[in-house]
Amino acid sequence: MPRAADDQGAEGRGVEAHGVEARGVEDHAKGRIISDAPLSRPVPVALRYDPGFQPATVRFVFPGDIEWSFPRTLLETGLRAPARRGDIGVWPCGRVQTVVEFHTDDGVAVVQFDTTALLRFLKHTYAVGAPMSAR
């Protein structure tokens, strides 16, 4: 699994979807791959949201075009309490970290993020798209 990047703000970009111009979000966060090794490995992760295509879904994109899509509500819930849906689990790790766990047939990748980066991303997603309850 992937390596590291800086935590930066959102880049609103126009996304053409179903004939409607919608603004998408792409934030960048630094994750750390957690393993049995003595040191964790940093990994850059693009956090993407496209309300014109899948308004209930967020995407985490790792180097090598490894992409995981999952419900935005899973990320929201997992910031407060352990949550799991399918191959993805999210849970708080202490007061300032959040862990996202990705399961494949080859094993499990455990990636730790600063919670503030994920909260900022969620805030950006709601700034460009209506909350799910309003849809």
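Annotations
- Mean separation of Cα contacts under 8 Å, 6 or more apart, over the residue count of the range 35-101: relative contact order %: 17 percent
- Spacing of the modelled spin labels on Ser40 and Asp87, each 7 Å from Cα toward Cβ, amounts to 2.2 nm.
- For the range 68-127, a crude dipole built from +1 on the beta carbon of Lys and Arg and -1 on the beta carbon of Asp and Glu, taken about the Cα centre, is about 400 debye to the nearest 20.
- Per-residue SASA remark: Glu67, around 90 Å² accessible (1.4 Å probe; ligands, DNA and RNA not included).
- Whether the range 53-129 is rounded, prolate or oblate, judged on the alpha carbon gyration tensor where a/c under 1.5 counts as rounded: oblate
- Each of Val96, Ile66, Val108 was scored by the projection of its Cα onto the charge dipole of the range 59-124, and the greatest displacement toward the positive side belongs to Val96; charges sit on the C-beta of Lys, Arg, Asp and Glu.
- The calculated FRET efficiency for Thr73 paired with Asp105, based on their beta-carbon distance and R0 = 22 Å, is about 0.30.
The values are calculated or read from the model by the stated rules, or taken from the named source; none is laboratory data. These numbers were taken from a predicted model, which means no experiment stands behind them. All Cβ positions, glycine included, derive from the backbone under ideal geometry; neighbour counts span all protein chains shown. Protein only, heavy atoms only, side chains kept; ligands, DNA and RNA dropped before computing areas. Shrake-Rupley method; radii C 1.70, N 1.55, O 1.52, S 1.80 Å.
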